[in-house]
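Participant: One structure coming up, written as structure tokens, with questions to follow.
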Amino acid sequence: MGEDRPVLHWLQRKWRALCTARRAAQEQNPGGLLRLAHEVRTLADAARRVCPPERKLQSRIRAVHEEMDKLAALAETPEFRRLDPTRRQQLRKGLVQSREQLLRVMGQVPAPTRLLQ
């Protein structure tokens with residue numbers, strides 16, 4: 001019985017490594033990046049509506065929105081599939097950071113009224 005445990009631990013490590021590799025591949029594939037880009041674009045739309053009309057902030061939000069449109073168009077091309085995995089990982093990290101920044105900005109927007117709805 002004691003001899004089976006190293007084999008069981010080895011199998012568990014291999015299974016976890018396989019799951020991690022599949023998750024990473026799924027996050028980096030064009031479909032996953034495209035979904036994330038659409039999510040960031042939707043957040044940019046929402047941020048544009050709720051954020052104050054400061055020129056600098058609104059221009060940054062507009063730039064994020066335009067970049068997501070460009071990324072969506074790029075992700076549908078065959079050249080995008082040829083990008084190396086490190087570039088895709090960097091792109092994904094940038095998308096996640098953009099999403100976090102938009103959420104942070106939207107969270108700092110003051111309420112339009114003092115009354116609780």
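Participant: Two-decimal Rg/Rh of the chain from alpha-carbon positions, Kirkwood Rh?
Facilitator: Reported Rg/Rh (Cα atoms, Kirkwood Rh): 1.21.
Participant: Additional query: How many nm is it between the label spots at ARG22 and ALA72, if each spot is 7 Å from the Cα in line with the beta carbon?
Facilitator: Calculated label separation equals 3.0 nm.
Participant: Quick one: order SER98, SER59 by neighbouring beta-carbon count within 10 Å, fewest to most.
Facilitator: SER59, SER98
Participant: Please turn the phi angles of the range 93-99 into ³J(HN,Hα) values with the Karplus equation 6.51 cos²θ - 1.76 cosθ + 1.60 (θ = phi - 60°), one per residue in order, whole Hz, x for glycine and proline.
Facilitator: Along the range 93-99, the couplings run 4, x, 5, 5, 5, 4, 4 Hz.
Participant: How would you classify the range 38-94 from its alpha-carbon gyration tensor, with a ≥ b ≥ c the square roots of the eigenvalues: rounded for a/c under 1.5, else prolate if a/b is greater than b/c, otherwise oblate?
Facilitator: prolate
Participant: Here's a follow-up. For the chain, what is the calculated [θ] at 222 nm in deg cm²/dmol (nearest 500), taking -39500 (n - 2.57) for each run of four or more DSSP H residues and dividing by its residue count?
Facilitator: That comes out to -27500 deg cm²/dmol.
Participant: Which trypsin sites (Lys or Arg not before Pro) in the range 10-117 pass both tests, a DSSP loop state and at most 15 other beta-carbon atoms within 10 Å?
Facilitator: Of the trypsin sites (Lys or Arg not before Pro), the ones in loops of the range 10-117 whose Cβ has at most 15 other Cβ atoms within 10 Å are ARG82, ARG114.
Participant: Return the FRET efficiency for the residue pair GLN101, ARG13: r is the Cβ-Cβ distance, R0 is 22 Å, and the value is rounded to the nearest 0.05.
Facilitator: 0.05
Participant: Give the angle, between 0 and 90 degrees and rounded to the nearest 10, that separates the Cα long axis of helix 30-50 from the longest principal axis of the Cα atoms of the chain.
Facilitator: Between helix and principal axis, roughly 30 degrees.
Participant: Another question about this same structure. Any idea how far apart ASP45 and GLU79 come out in nm if each label point goes 7 Å out from Cα toward Cβ?
Facilitator: Going from the ASP45 label point to the GLU79 one covers 2.8 nm.
Participant: Same structure again: With θ set to phi - 60°, apply the Karplus curve 6.51 cos²θ - 1.76 cosθ + 1.60 along the range 67-80 and write out the HN-Hα couplings as whole Hz, x wherever there is a Gly or Pro.
Facilitator: Once θ is set to phi - 60°, the couplings for the range 67-80 become 5, 5, 5, 5, 5, 4, 5, 5, 5, 8, 8, x, 5, 5 Hz.
Each value in this text was obtained by applying a stated rule to the coordinates, not by laboratory testing. Quick caveat: nothing in here was measured; it's all calculated off a predicted structure. Methodologically, a virtual Cβ is constructed for each residue, glycine included, from the backbone with ideal geometry; neighbour enumeration extends over all protein chains shown.
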